[in-house]
Amino acid sequence: MQITKSFLDQISAPPTKYNGISNQAFYRDSTLTGFGVRVTSGGVKSFIVEKRIQGKVRRVTLGQYGDLSVEQARKEAMRFLDENATSKPPVAEIKYQRDRKVTLLEAFEDYIQLRKDLKPATIHDYRRSINGAFVHWQSKPLTEITKDMVQLRHSAMGKRSKARANNAMRVLRAVFNHAITMYEDAQGNPVIENNPVDRLNHMHAWYRVESRRTWIEPGELPNWIAATRQLNNETTRNYLHLLLFTGLRRSEASKLQWNDVDFNARTLTVRETKNHRMHVLPLSDFLYELLKQQKAIKESPYVFPSNSKRGYLIEPRSAVKRVSELSGITFTLHDLRRSFIKIAESLDIPDYALKSLLNHKGPNEITVNNIASGIDRVREPMQQITDFIIKNSTKNTNNN
């Protein structure tokens, strides 16, 4: 609808509201965006011009019809629009335009920066998923990653490894959930409204992956111990032995420092744990001698030093592979923790003691380590587990 003199002469005033309050109607020009006419129930016709400035619509009255002709009003409207054409878009609009173009890699890095609770090992695993499973998606805006793409990628990955396919999609889901919360339009609405990974839930497409339930059986201990003794690197051998004899997680043992070991009190303290609680363990006779021997190997703040950038042993994959080949026993570092647990259970170690040795929460969220006498109460169970491992490790070996 183009605003002309004949059009203005034909339009009638809107009716007065039921309570006597004046009403008004707006007519906007189809050829000049922002130009229009306001007509009140009293019959007054005024020219207006509208433009969004700094995120808000600004409306200016140019004058009444009769005082201004249509041509004069149109020129005034054009002048106003020209003067404000170069105004910068509002901050919210700039952010929206940027957020809707955020790529997968940018969103991932943003997610990692904001998640202060993620451990370095977790970040490493997440980054491996982004660089592996989604390497071809990294430069794509999140808004271009669809549900179909997710479903097809998950299916393709599952043909090689169901566990990795699930893990990769969990990382992607976390990044999208972060994006839904963080990236908004000018009105505060999420740029991304739905998480495409949710398609896997609706389709029941997640792979069924059985948890590992492997450990070193007592009858396998002789061959396993004998194989570790053939390792050339004494630090790596001691690291593997400490995992088996303490049940510590690999990262908990890797990051141990000498100021965490108290030879007088015969304890070691793990400061960075999975549940974020400091964990104190008693040293059995074997562990005491092992750590004494390890301390004499190399001057370093770390119990298990390495030439890596971090300064401590991360994961001796080649050593694990070598021991597996020599012993005929396929195992992971976490299997050593499972072995410790199975041995403790077979010895009928009291539940409170096992929970304390594993740094698990006990009744009423209290652990034995929080009790003054806690260490002394679990020192004998720790020695029992050690004695069992040593006894079964010295039986006749079979290295055929």
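Got the relative contact order for region 97-202 handy, in percent, Cα pairs under 8 Å and 6 or more residues apart?
This gives 33 percent for region 97-202.
Taking H placed 1.01 Å from N in the peptide plane, check which residues at least 5 places from LEU62 or on another chain put their amide H under 5 Å from its amide H.
Those lying under 5 Å, H to H, from LEU62 are PHE47, ILE48, VAL49.
How high is the relative contact order of the chain, in percent, with contacts defined as C-alpha pairs under 8 Å that are six or more residues apart?
That works out to 11 percent.
May I ask for the net charge around THR235, where only other residues with Cβ less than 12 Å from the Cβ of THR235 are counted and Lys, Arg are +1 while Asp, Glu are -1?
Combined, the nearby Lys, Arg, Asp and Glu give +2.
Only helical DSSP H runs with n ≥ 4 go in: add -39500 (n - 2.57) per run for the chain, normalise by residue count and round the 222 nm mean residue ellipticity to 500 deg cm²/dmol.
-14000 deg cm²/dmol, from helical runs alone.
Once the Cβ-Cβ distance between ASP376 and ASN189 is put in as r, and R0 is 45 Å, what FRET efficiency do you end up with, to the nearest 0.05?
With a Förster radius of 45 Å, E is 0.15.
With springs connecting C-alpha atoms under 10 Å apart, model the chain as a Gaussian network and identify which of ILE314, ILE297, ILE389 has the largest mean-square fluctuation.
Of the options given, ILE297 has the highest mean-square fluctuation.
Tell me, in nm to one decimal, what length is gained between PHE26 and ALA163 on full extension, where the rule is 0.36 nm per residue of separation less the Cα-Cα distance?
Separation in residues times 0.36 nm, less the Cα-Cα distance, equals 43.2 nm.
I want to check the label-to-label distance for LYS119 and SER308. Put each point 7 Å from Cα in the C-beta direction and report it in nm to one decimal.
Computed distance between label sites LYS119 and SER308 equals 1.3 nm.
With each label point set 7 Å from Cα along the Cα-Cβ vector, what nm distance links ASP348 and ASN201?
Result: 4.6 nm between the two label points.
With springs connecting C-alpha atoms under 10 Å apart, model the chain as a Gaussian network and identify which of ARG250, ARG79, ARG317 has the largest mean-square fluctuation.
Answer for the Gaussian network model of the chain: ARG79.
Tell me the Kirkwood hydrodynamic radius of region 148-305 in angstroms, computed as one over the mean inverse distance between distinct C-alpha pairs.
19.9 Å is the Kirkwood radius here.
Dipole of region 159-257, Cα-centred, from +1 at each Lys and Arg C-beta and -1 at each Asp and Glu C-beta, to the nearest 20 debye?
The dipole of region 159-257 has a size of about 460 debye.
What do the square roots of 5 times the Cα gyration tensor eigenvalues come to for region 218-393, in whole Å, largest first, as semi-axes of the equivalent ellipsoid?
They are 25, 20, 14 Å, listed from largest to smallest.
What are the residues whose amide H is under 5 Å from the amide H of ILE3, where those residues sit 5 or more places off or on another chain and H is modelled from the backbone?
Answer set, sorted by chain and number: SER30, THR31.
Give or take rounding to whole Å, what are the principal axis extents of the alpha carbon atoms in the chain, in descending order?
Ordered largest first, the chain gives principal extents of 112, 49, 43 Å.
Tell me, Kirkwood radius of region 5-87 from alpha-carbon pair distances, in Å?
Across region 5-87, the inverse of the average 1/r is 13.5 Å.
Considering the options ALA165, ASN177, PRO190, tell which one lies farthest towards the positive end of the dipole of region 97-202, charges being +1 on Lys and Arg and -1 on Asp and Glu at the Cβ, about the Cα centre.
Result: ALA165.
I'd like to know which of PRO305, SER251, HIS154 lies farthest towards the positive end of the charge dipole of the chain, counting +1 on Cβ of Lys and Arg and -1 on Cβ of Asp and Glu.
HIS154
Taking the dipole about the Cα centre of the chain, with the C-beta of Lys and Arg at +1 and of Asp and Glu at -1, give me whichever of LEU354, TYR126, THR31 is farthest to the positive side.
THR31
Nearest 20 debye, what's the magnitude of the dipole of the chain about its Cα centre given +1 on Lys and Arg Cβ and -1 on Asp and Glu Cβ?
Computed charge dipole of the chain: roughly 580 debye.
I want to check the label-to-label distance for ASN275 and LYS75. Put each point 7 Å from Cα in the C-beta direction and report it in nm to one decimal.
Distance between the two pseudo-spin positions: 8.2 nm.
May I ask you to derive the FRET efficiency for SER300 and ASN84 from their Cβ-Cβ distance with R0 = 56 Å, giving the value to the nearest 0.05?
Using R0 = 56 Å, I get an efficiency of 0.25.
Give the value in nm², to one decimal: projected area of the alpha carbon convex hull of region 209-299, averaged over all directions.
The number I arrive at for region 209-299 is 7.6 nm².
Would you kindly state how much longer the chain becomes between ALA265 and LYS292 on full extension, computed as 0.36 nm times their sequence separation minus their alpha carbon distance, in nm to one decimal?
My answer for the length gained is 8.4 nm.
Could you give the alpha-carbon Rg of region 97-202 over 2.2 N^0.38 Å, rounded to two decimals?
With N residues counted in region 97-202, Rg over 2.2 N^0.38 Å equals 1.04.
No value in this document is a laboratory result; all are computed from the given coordinates. Being a predicted model, the structure only gives us computed values, none of them experimental. Cβ: placed from backbone, ideal geometry, glycine included. Neighbour counts: every protein chain shown.
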